[in-house]
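Undergrad: Shown below is the structure under consideration.
The values are calculated or read from the model by the stated rules, or taken from the named source; none is laboratory data. Predicted model only: the values in this text are computed from it and were never measured. All Cβ positions, glycine included, derive from the backbone under ideal geometry; neighbour counts span all protein chains shown.
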């Protein structure tokens, strides 16, 4: 009986983790494809944007883990989130040549579109 419960738990954890990874991958692809279509990005630029997007999400997850564990203060969390966002936006600005205001609107709009 214990073996069956343990096996069921392992399968459940694996399925959940795989599902989250697939959703994250779909969101990344959607974001990069939308940016490529709007700003005429070539393959190398798309790869750079994809890597920056993954780094942004990975860093955001690490920040959220620190927040939940109480390792750092609320002000520090906010400054880390802002620095993470700024780093990503700097890459996006370099790739597109557009201004921050336009890219911020694009980021918000595209995130909502891809999250559905």
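Undergrad: Go through (1) farther than 20 Å from residue 112 by Cβ; (2) surrounded by fewer than 10 Cβ atoms within 10 Å (Cβ to Cβ); (3) at pLDDT 90 or above and name the single condition residue 37 misses.
TA: Looking at each condition in turn, residue 37 falls short on (1).
Undergrad: For residue 75, indicate whether it is in a helix (DSSP H, G or I), exposed (fewer than 11 other Cβ atoms within 10 Å of the Cβ) and either on the phi > 0 side of the Ramachandran plot or at pLDDT 85 or above (or both).
TA: It is true that residue 75 is in a helix (DSSP H, G or I), exposed (fewer than 11 other Cβ atoms within 10 Å of the Cβ) and either on the phi > 0 side of the Ramachandran plot or at pLDDT 85 or above (or both).
Undergrad: Still on this structure, I have one more. What tally of residues in the stretch 52-72 results from selecting those that are surrounded by 13 or more Cβ atoms within 10 Å (Cβ to Cβ) and within 11 Å of the chain's Cα centre (by Cα)? Please lay out each step first, then the result.
TA: Pass one, the stretch 52-72, residues surrounded by 13 or more Cβ atoms within 10 Å (Cβ to Cβ): 52-57, 59-60, 63, 66-67, 72.
So of that shortlist, the ones also within 11 Å of the chain's Cα centre (by Cα) come out as 52-57, 59-60.
Of the residues in that region, 8 qualify.
Undergrad: Right, another one. If I filter the stretch 83-95 for residues that are under 15 Å from the mean Cα position of the chain (by Cα), assigned to a helix (DSSP H, G or I), more than 19 Å from residue 113 (Cβ to Cβ) and in contact (Cβ under 8 Å) with a residue 40 or more places away in the chain, do I get at least one hit?
TA: yes
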